[in-house]
Amino acid sequence: MQQFLAQTGGSSSSAATSPPASPQPRLRQQAPRKERDPQNKEKEAPPPMADEHQDLTRAFAGLGGLGVDETALVSALGRWRREPEKRAQFRRGFPGFFSSSAGAGIERCEDEYLLHLKAEFARFKDAAVLWAMHPWERDARWAHHVLHKAHPPHILVEVACTRTADDLLGARRAYQALYHRSLEEDVAYRVRDANASLLLGLVSAYRYEGARVNEDLATEEAKALAAAVRAAPAAATKLVQNEQVVRVLVTRSKPQLGATFRVYMELHGKPLEEELPAEPCLREAVRCLDSPPKYFSEVIHRAFSDDADRQAKAALTRVLVSRADTDMEDIKDAYTRQYGTKLADAVAKNTHGHYKEALLAIIGK
């Protein structure tokens, strides 16, 4: 199934990127027109069977994008009413999703396809439910999902680093109300790897949100971060466990950290995040704290890639819903600068059906 998805999605993507040149008009001999019976009304010719199959396959599989084309599905229900043989031909021509079961005399629906289809149909529902939730509850549920479903910590880092101090505090309160324990204690108990101290510090933070920046402090801490990065290869522990690195990232205000990251770039010729390829959790924190719009535009773009996994695709809903009322305009600008196209155009190209319409409404065309 994955191979079929990749092949079909890839061909769909390339066709959208490089449309074929329009063919040159050719004169052709027209067949003589038949006289119509004046007693019969003119009927529109039905689309060829091959085209019907192609349209329905694309809509039913969510190929070449996220979500499903509900309109095409409903149309097929009407066109193929009381025509089981058409549905049988559709199943036989749908490789990777239906396979022949000779013993039973049926085209069997593959279990992996059922899971795929369930996920595609759920995208619109998930977006609507998450949009309706209070933002604090939304963040609390995402954090709980990370901690209790063994998911990578990047969603927790995203919540802790891109929300305001009051919104993060609100998410912690919502977590307590929903799960009868604190977010901090769950992080301390459930995160057992090298990222524990950083994650606990991030979710516990209540940062100063004023604009004041100390340039001398920024220079001092940029040099301290650089020293820690240089010493990391020979250190007995990972950089994410360095107490000074953790202290700077979890306590300083975002304007102060922005100044520190700028000084680091000036001193060393590259951003701090590029020095952290082996430290994904630490790198994610730096990116979220440095420039949330740029970070979110990259997350969105990753969801559209042919090799995007389930988590990467789900991030599209998470980001657009959670940022709709905060920095969506900044994200749209960042996306255009990074990828040379409007965010709304990218969403329209890579999504389907009601899910597409919902995301476009959230973005604001």
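Counting only protein heavy atoms and a 1.4 Å probe, the stretch 161-279 has 53 square angstrom of accessible area per residue.
The separation of the stretch 190-219 from the stretch 153-187, counted between C-alpha centres, amounts to 14 Å.
Distance between the 7 Å Cα→Cβ label points at residue 312 and residue 150: 2.3 nm. Net charge in the neighbourhood of residue 264 (other residues with Cβ under 14 Å of its Cβ; Lys, Arg +1, Asp, Glu -1) is -1. Centre-to-centre separation between the Cα atoms of the stretch 290-342 and those of the stretch 220-239: 31 Å. Inter-label distance, residue 176 to residue 305: 4.0 nm, where each label sits 7 Å from its Cα along the C-beta direction. Stretching the chain fully between residue 211 and residue 266 yields a gain of 17.7 nm (0.36 nm per residue, less the alpha carbon separation). If the segment from residue 132 to residue 106 were pulled out straight at 0.36 nm per residue, it would be longer than the present Cα-Cα gap by 5.1 nm. Placing a label point 7 Å from the Cα of residue 70 along the Cα-to-Cβ direction, the residues of the stretch 316-360 whose backbone N falls under 13 Å of that point are 352-359. For the stretch 94-154, the carbon plus sulfur part of the accessible surface works out to 63%, probe radius 1.4 Å.
Gain on full extension, evaluated as 0.36 nm per residue between residue 274 and residue 118 minus their Cα-Cα distance, stands at 52.4 nm. Here each label is just a point 7 Å from Cα along the line to Cβ, and for residue 85 and residue 336 those points are 5.5 nm apart. Look at the alpha carbon pairs under 8 Å that are at least 6 residues apart: their mean separation over the length of the stretch 276-365 gives a relative contact order of 24 percent.
Across the accessible surface of the stretch 290-364, with the other protein chains kept in place and a 1.4 Å probe, carbon and sulfur atoms take up 45 percent.
Counting only protein heavy atoms and a 1.4 Å probe, the stretch 302-343 has 52 square angstrom of accessible area per residue.
With R₀ set to 30 Å, the beta-carbon distance separating residue 230 from residue 251 gives a calculated FRET efficiency near 0.85.
The values are calculated or read from the model by the stated rules, or taken from the named source; none is laboratory data. Values in this document were obtained by computation on a predicted structure and should not be read as measured data. So basically every Cβ, Gly included, is an ideal-geometry build from the backbone, and we count neighbours across all protein chains shown. Areas reflect the complete protein model, heavy atoms only, side chains present, ligands, DNA and RNA absent. Shrake-Rupley method; radii C 1.70, N 1.55, O 1.52, S 1.80 Å.
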